[in-house]
Amino acid sequence: MVRTVDYETRKRAVLAAAINRYIKEAIPVSSEEIAGDFDLSSATIRNIFSDLENDGYLTHPYTSAGRIPTNKGYRYYVDFLISQMGILDAEKEQINQEYKRHVRKINRLENIAEILDKTSEVISTFTHYAAITSFIELEDRFFYKGISLILNQPEFQDYERIRLLIRLLEDKQQLLNVINRDFTEKVKVFIGEELSCPEIEDCALVISSYRLKDRPVGRVAVLGPRRMEYKHTIPTLEYISQVLTEALEEI
């Protein structure tokens with residue numbers, strides 16, 4: 001019996017596997033590492049890698065034969081390749097407990113700054129990246145936690161990238177312009193050059209809106225490397241945005 005092969009499906013699966021491995025290990029992915037996942041020879045995987053590189057989804061550093069994702073690769077991964085995206089019920093319960101312990105004991109809307117500061121802390125704790133919150137009526141302020149978590153990433157071990165990131169945080173209006181862009185999705189992901197912000201072109205930004213009295217009043221966001229754990233970060237931020245909305249309704 002002749003086995004038929006859906007080459008496009010296999011190519012997408014190899015791309016997803018390569019990106020998943022790179023997100024986890026932060027080193028270029030070799031064909032040998034992927035071959036065992038598909039019961040294919042490393043030569044076959046190299047051919048698929050070559051096709052994916054020609055398509056613009058992967059590239060390779062000059063000093064390595066392994067591949068790393070491009071911005072286009074990450075975008076395709078976020079839009080089409082992530083499966084079973086969600087967070088565990090146990091983690092939802094932990095998030096709710098954090099809100100009960102911190103945010104929900106703040107019982108006056110006038111203390112919105114304290115609420116947003118604590119929300120940033122919760123987001124950073126559960127995503128392991130930097131968290132940013134904003135409120136429309138506090139146009140000149142935002143709140144962030146966990147910047148050190150970005151600086152600990154392999155991508156941010158050189159002085160110039162650190163300097164650019166700090167400069168962006170000091171330029172409040174520029175960062176708010178990025179976070180407050182219009183979008184209709186529950187969660188919006190900007191990757192690399194999509195941010196149109198040179199200071200964080202090596203980053204990804206995941207953004208969600210929260211509401212008060214059925215109107216959007218601010219944004220919550222996660223800032224991390226392009227090599228972000230999107231599969232966990234996106235649903236976590238969406239859930240925390242929902243919990244924040246519910247907490248504000250109780251005030």
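Report every pair of residues separated by at least 6 positions or lying on different chains whose Cβ atoms are under 8 Å apart, first residue within segment 149-172 and in the same structural domain as Gly192 (by TED's automatic domain parsing) and farther than 12 Å from Glu201 by Cβ, second surrounded by 11 or more Cβ atoms within 10 Å (Cβ to Cβ) and among the polar types (S, T, N, Q).
As it stands, the answer is Leu149/Ser124, since those pairs meet every condition given.
Quick test for you: out of Arg211, Arg219, Arg181, pick the one residue that is modelled with pLDDT under 95 and outside any loop (DSSP other than H, G, I, E, B). So that I can check it myself, show each step before the final result.
On the way: Arg219 fails: modelled with pLDDT under 95; Arg181 fails: outside any loop (DSSP other than H, G, I, E, B).
When all the criteria are applied, what remains is Arg211.
Sort out for me the helices (runs of 4 or more DSSP H) sitting completely within segment 34-139 that have 3 or more residues that are in contact (Cβ under 8 Å) with a residue 40 or more places away in the chain and out of contact with any Leu (no Cβ under 7 Å at 6 or more places or on another chain).
Here the list reads 71-76, 89-101, 112-127.
Take the residues in segment 222-249 that are in contact with a helix residue (DSSP H, G or I) (Cβ under 6 Å, 6 or more places away or on another chain) and within 15 Å of Ser134 (Cα to Cα); name whichever of them is modelled with the lowest pLDDT.
Leu244
Only residues that are part of a loop (DSSP other than H, G, I, E, B) and of a type in the set (Ser, Thr, Tyr): list them for segment 14-33, please.
Kept after step one, since they are part of a loop (DSSP other than H, G, I, E, B), are these residues of segment 14-33: 26-28, 30.
Result: Ser30, single match.
Select from segment 167-185 the residues that are among the polar types (S, T, N, Q) and over 15 Å from Ile136 (Cβ atoms) and write down the one among them that is surrounded by the fewest Cβ atoms within 10 Å (Cβ to Cβ).
Residue satisfying both the conditions and the ranking: Thr184.
Test of understanding: among Glu121, Glu114, Glu98, Glu93, which residue is crowded, with 17+ Cβ neighbours inside 10 Å, acidic (Asp, Glu), out of contact with any helix residue (DSSP H, G or I) (no Cβ under 7 Å at 6 or more places or on another chain) and over 15 Å from Tyr210 (Cβ atoms)?
Details: Glu114 fails: crowded, with 17+ Cβ neighbours inside 10 Å; Glu98 fails: out of contact with any helix residue (DSSP H, G or I) (no Cβ under 7 Å at 6 or more places or on another chain); Glu93 fails: crowded, with 17+ Cβ neighbours inside 10 Å.
Checking each option against the conditions leaves just Glu121.
With the checklist (1) over 16 Å from the mean Cα position of the chain (by Cα); (2) closer than 18 Å to Ser196 by Cα in hand, flag the one item Arg141 doesn't pass.
(2)
Would you tally the residues in segment 85-101 being within 11 Å of Phe126 (Cβ to Cβ), of a type outside the set (A, V, I, L, M) and modelled with pLDDT of 90 or more?
Looking only at that region, the number is 3.
The values are calculated or read from the model by the stated rules, or taken from the named source; none is laboratory data. None of these values were measured; they are calculated from a predicted model. Neighbour counts run over all protein chains shown; Cβ positions are idealised from the backbone, glycine included.
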